[in-house]
1. Using 0.36 nm times the number of residues separating C:D306 and C:I16, minus their current alpha carbon distance, what extension gain do you get?
2. Report the far tail of the P(r) of chain C, meaning the percent of Cα-Cα pairs longer than 44 Å.
3. Expressed in nm to one decimal, what extension gain is obtained for the pair C:T393 and C:Q581 from 0.36 nm per residue of sequence separation less their Cα-Cα distance?
4. Okay, which of the stretch A:149-189 sit inside 15 Å, backbone N to the point 7 Å along the Cα-Cβ direction of A:I115?
5. Just grab the label-to-label distance for B:K25 and C:S149, each label 7 Å out from Cα along the Cβ direction, in nm (one decimal).
6. Taking the Cα-to-Cβ direction at C:A31 and at B:A48 and moving 7 Å from each Cα, how far apart do the two end points lie in nm?
7. In nm, to one decimal, how far is the C:E274 label point from the B:S106 one, both placed 7 Å along Cα→Cβ?
8. Taking just the C-alpha trace of the protein assembly as shown, give me its Rg and Dmax in Å.
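Each reported figure results from applying straightforward, stated rules to the coordinates on display, with no laboratory input. Nothing here was measured: the structure is a model prediction, and the numbers come from that model. In this analysis, Cβ positions are derived from the backbone assuming ideal geometry, glycine residues included, and neighbour counts consider all displayed protein chains.
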Amino acid sequence: MRIRAYNLIVLALVLFMAAISPKARANSATSIEYQVKAAFLYNFIRFVDWPEEKVADSNEPIIIGIIGKDPFGRSFEPIKDKPIKGGKVVIKRFKGLKELEKSRGKNESEQHQQIDAIRKCHLLFICRSEKTKFRETINLVKDHSVLTVADTKGFLESGGIINFIREERKVRFGINIATAKQAKLKIRSQLLRLAQRIVEEEQSDEAKK
Amino acid sequence: MRNSRPVLLVEDDSVDAMTVERAFKDLRVANQLIHKINGEEALNYLKANQNNGKPCLVLLDLNMPKMNGIEFLKVIKDNAELKSIPVVVLTTSQEQRDKVESFKLSVAGYMLKSVDYRSFVDTIRTIDLYWTLSELPQNVE
Amino acid sequence: MSVLQNVTIKYKLILIIMLTCVTGLVLAGIAFIGWEQSVLRNSMVQNLSTQAEMIAENCKAALTFQDAEDAKETLRALRVESSIVFGAVYTNDNKLFATYYRNYADIRVHPSELQESGFSFGDGLLAVFKPIVLDGEVIGTVCLRSDMSPMYSMLKRNIGVIIAVLFLSSAVALLISSRLQKVISKPILSLAGVTKAVSEEKDYSARAIKHSNDEVGSLIDGFNEMLEQIQQRDVELVDAKEKLEVRVEERTAELTTANEQLTQEIAIREKAEENLRKTEEKYRIQFEGALDAIVVTDAETGVIIDCNPAVTKLVGREREELIGQHQRILHPPEKIKGGFSKTYKEHLKNKQGQTLETQIITKKGEIKDVAVKASLLEVGGKKVMQGIFRDITIRKKAELRQAQLLEQLENANNELKDFAYVVSHDLKAPLRGIKTLADWIITDYADKIDEDGKKQLGLLVNRVDRMHNLIDGILQYSRVGRIREEQVEVNLNELVTEVIDMISLSENVTIKVENELPTITCEQTRIMQVFQNLLSNAVKYMDKPQGLIKLGCSEEKGFWKFRIVDNGPGIEEKFFGKIFQMFQTLSPRDEFESTGVGLTVVKKIVEMYGGKIWVESKFGEGSRFFFTLPKQETGVTNEKLKAGFIS
């Protein structure tokens with residue numbers, strides 16, 4: 001444990017350094033954006049109903065998975081302790097698929113574990129870094145009632161369910177109701193109403209390619 | 001009188017006494033007639049002759065000197081020996097008082113001396129007849 | 001109020017009913033409106049709340065995702081509700097997020113202050129606040145404001161309805177009440193009518209009709225009864241009045257007569273007063289002039305108030321000396337007891353009007369015997385004793401003498417008694433002797449005495465007998481009156497029969513009792529002696545071949561009159577008195593041997609009883625002897641008899 005504590009201290013230092021570095025400052029504007037988006041993610045969960053089997057155990061926390069290069073940073077800090085639907089929220093970060101594939105050969109069980117963990121998420125934010133792997137990633141969690149969210153253009157067409165849309169200074173989003181339906185997710189009308197864009201495109205099996 | 005005992009005559013008037021004597025003679029009364037002229041002498045006689053010669057009858061006049069008939073009566077009737085001797089009062093007195101006193105002193109008879117001799121004799125006859133008929137106690141007999 | 005009081009019952013009742021109804025209705029109306037309002041308010045609030053709720057619900061996402069437009073859009077839906085003038089969504093730091101205005105952006109309709117939830121009324125608007133909760137977290141507030149216009153319009157409508165209903169009901173109530181009030185008012189009014197009629201026309205025979213059995217009914221009953229009583233009393237009153245008038249007349253008449261009487265009485269009274277004055281004067285004269293001493297004392301104190309001159313003569317004290325002194329001053333000490341004279345006390349106690357004897361003492365100390373009679377009088381309101389004293393010294397002396405004489409007499413009597421006894425016995429004794437001796441001489445010396453001698457001796461004996469009889473006669477006479485017998489009731493019929501038996505009657509003489517003789521109270525022996533003497537006299541002196549002696553009795557006033565009538569020789573008038581004298585015979589004793597005492601004894605006895613004896617006769621034609629005996633109820637009370645005097 002000495003090692004962990006040591007690691008934490010180092011991490012904290014690094015982060016602190018990063019925070020006070022100009023780069024960090026430069027990212028403040030974007031951090032606000034992602035704060036909002038983080039809040040939105042939380043809120044999405046509020047307005048989405050998962051099927052029974054996914055939320056059977058109320059003691060289990062809602063898992064928000066972030067796969068890829070995490071743009072949120074510390075955006076979840078202010079909100080991570082807030083309960084959603086009476087339950088706790090857990091943020092999990094995952095490596096991208098590329099890396100996952102890379103590591104497939106090395107440790108299959110670990111890979112499987114990862115995949116299971118990803119599938120277990122209620123909401124999976126696919127970072128922009130996974131842009132090329134959208135379909136695959138979505139496919140991965142298909143049939144697991146995962147609410148896929150991204151903030152990359154063409155996400156919805158790729159089979160994503162919610163996609164953030166940047167509109168001037170406001171954060172908007174679009175929803176693909178078909179894929180939502182496919183994922184057996186019920187998106188409340190209120191949320192739907194707020195979506196700037198509604199798409200009804202089914203995920204095709206083409207993603208499997 | 002039925003017996004031979006004497007009859008004591010207590011009488012102060014001599015004529016009256018003579019009358020009785022004559023009457024006895026006329027009537028052939030057997031009994032001896034002892035004549036005393038007053039009560040005192042009569043008493044003395046009686047006392048002297050208590051045991052023998054006690055008279056069987058006393059003929060008593062009331063009006064007498066010294067001791068009169070009533071007084072005499074009182075004495076002999078007080079005397080246990082003498083009181084049983086029958087006493088017949090022979091008097092002129094019709095006074096109720098005398099009669100009462102006499103009978104109070106238990107005289108056996110009260111006869112009036114009549115003025116008329118014949119009647120007088122009748123009276124004596126009656127006395128004799130009566131006292132002949134009548135029983136007498138032994139000590140007097 | 002007073003105005004109301006004087007209104008007729010009918011209107012009162014109607015008024016009451018109406019007032020009650022209207023009040024009831026009004027209150028009901030008010031209550032209803034109030035309630036309605038409240039309900040309305042509540043429903044409004046409810047409504048608005050619901051709407052706010054809906055808005056809140058619908059704005060959740062918008063607020064969450066900061067989509068004000070969407071929120072606005074949602075709010076715009078409020079337009080439907082015409083009453084909602086304002087709607088807003090506030091963030092959880094009370095910043096306006098989205099608004100809706102009915103009429104332009106009117107800042108005025110903003111709520112003055114924000115609440116988290118609930119509602120408030122203000123500025124004529126209802127504001128409802130509803131928190132927007134997402135996952136248990138308040139993310140914002142919805143505020144809706146609506147004006148009260150529906151409520152007001154509702155209110156207006158309600159009031160209108162109520163008023164309409166009110167009027168309608170009132171009208172109906174009026175109708176019904178004016179009908180129903182009759183139930184109460186009619187009997188009362190009829191009663192009032194009757195009362196009025198009775199009091200105006202004084203017709204007490206009127207009666208109110210009873211309509212119902214309630215209090216009014218009983219009132220009517222009572223009223224009728226009262227009328228009944230009044231009527232009766234009226235009748236009685238009239239009757240009494242009549243009677244009274246009659247009585248008044250009578251009274252007046254009485255009074256007039258009384259008045260007349262009174263005047264008369266006054267006249268009489270005045271006369272009486274005059275008489276009284278005269279009487280007083282007379283009294284005064286008598287008082288002053290009386291021979292007897294009169295002393296007037298105060299009954300209570302015994303102090304002498306007045307006395308007459310005779311008192312002075314009696315006690316030797318002047319009037320001035322006596323007045324003011326106590327009455328005991330008149331009496332010697334031995335006649336005084338307890339400060340008053342004994343007789344005074346006795347008189348005072350219970351012997352008023354009775355004569356008592358006492359003694360007085362003169363100034364000089366001389367004691368006199370007095371008879372005093374005292375009476376209690378009331379003079380001028382004061383009780384006084386008036387005592388009349390009479391000097392009885394002389395009388396007393398006489399009484400004393402009398403007693404002395406009496407004693408002497410008694411002694412004499414006793415002496416006489418003894419004397420009689422002695423006479424009887426001692427005188428007779430020698431007589432007896434003489435006779436006896438004479439008899440013996442005759443008997444014994446019959447042969448030695450010649451005829452003359454025998455004759456003389458016969459005469460001797462005869463004279464002795466006579467002497468004997470005389471002595472007996474004297475004795476008899478003396479015994480009468482001396483020897484007292486018991487007084488018994490004697491049936492004279494039986495007595496006379498006995499007497500007749502005792503008298504030896506020869507065949508030629510009959511005694512006839514002519515009528516029933518009474519039974520009298522007397523001494524038996526005495527009366528027997530009377531009849532015996534009279535009858536034997538009649539028999540003895542009978543000279544007729546057929547002797548008839550009749551005995552009868554007649555009742556006179558106060559006495560019995562007995563008669564013995566014979567047809568004997570009769571008596572010459574000049575001897576009528578003599579025959580009753582002692583030892584008096586009308587014929588020489590050689591002819592009729594008689595003591596001459598018989599009639600004397602009879603006379604004595606008869607007179608002793610208070611009767612009288614006399615004879616009526618004609619010489620040769622028989623005699624009628626009469627004697628009377630007074631009738632006595634309780635026996636003889638003749639003074640002589642009492643005293644036992646020998647007359």
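1. 94.6 nm
2. Numbers: 148730 of 208981 pairs.
Tail of P(r) above 44 Å: 71 percent of Cα pairs.
3. Taking 0.36 nm per residue and subtracting the Cα distance, the gain is 63.6 nm.
4. Correct set: none at all.
5. For B:K25 paired with C:S149, the spin-label model returns 20.5 nm.
6. That separation, rounded to one decimal, is 16.4 nm.
7. 9.5 nm
8. 89.9, 251
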